[in-house]
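What follows is one structure encoded as structure tokens, with my remarks underneath.
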Amino acid sequence: MLCELWELCERLINPILKDPHSIKWRYGMNLKSFTVAILICTMVISVATAEEKHPIQPSKKDKCPVCGMFVYKYPDWVGEIIFKDGSTAFFDGPKDLFKYYFNLKKYNPEKTIKDITAIYVTEYYDMEIIDAKTAVFVIGSDVYGPMGRELIPFVNKSDAEGFKKDHKGKRILRFEDIKPGIIKKLD
């Protein structure tokens, strides 16, 4: 979508740069209308790019706000929550990420759930950062994370089912199925 918007803006701008007097006859608009069109294009592109929050790597200084461990030491387990203001909270595993998410007032009183723009976890098999809200998680397996029993994230249900079978997992859950009581039982 962003590319299409950019192309539209280029189609409007390029002829004007070549011949500024061609605006009216080429586009049927005057300079004022053209300026408004350019401003709208700029705003749409700004909003589109502002909402695209991509995961970043934690630095050696980033600590999990729940347990205080340095997150960079556990790259296979990294989770992160990105806020609208661009700030990021890093975690040493999905369990601590969910503890933070469910008790945001305790860990980050200035923020609310509405301030969150993206939530990421590290997929177990590929070790790639994935969207936590579309991930599936296995609980009750024999695989432990840095903080002990853990939710194990997968990009799809078939991988989760295979893992559950191979590692004695108890349940497969989606993000919206995970509740504070489930997290508490993992401690």
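Only the coordinates and a few stated rules stand behind these numbers; no lab work does. Here the structure is a predicted model, which is why all the values come from computation and not from measurement. Backbone-built Cβ (ideal geometry, glycine too); neighbour counts: all protein chains shown.
With the cut-off at 24 Å, tell me which of the pairs Lys60/Lys185; Lys53/Lys133; Lys60/Lys95; Lys61/Lys170; Lys114/Lys185; Lys95/Lys157 have Cα atoms farther apart than that. List each step's numbers first, then the result.
On the way: Lys60/Lys185 30 Å; Lys53/Lys133 14 Å; Lys60/Lys95 21 Å; Lys61/Lys170 35 Å; Lys114/Lys185 27 Å; Lys95/Lys157 19 Å.
Cα-Cα > 24 Å for Lys60/Lys185; Lys61/Lys170; Lys114/Lys185; rest within.
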Each residue of region 80-85 in turn: what ³J(HN,Hα) in whole Hz from Karplus with 6.51, -1.76, 1.60 and θ = phi - 60°, glycine and Pro shown as x? 8, 10, 10, 9, 4, 7
Using 1/(1 + (r/R0)^6) with R0 = 35 angstrom and r between the beta carbons of Asp115 and Asp142, what's the FRET efficiency to the nearest 0.05? 0.45
What order, most packed first, do the peptides 82-94, 103-115, 121-133 have when packing is the mean number of other Cβ atoms within 10 Å of each residue? 82-94, 121-133, 103-115
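Give me the net charge for the shell around Glu110: Cβ to Cβ below 14 angstrom, other residues only, Lys and Arg +1, Asp and Glu -1. Let's see the in-between values first.
On the way: positive: Lys84, Lys105, Lys106, Lys111, Lys114; negative: Asp85, Asp115.
Net charge in that neighbourhood comes out at +3.
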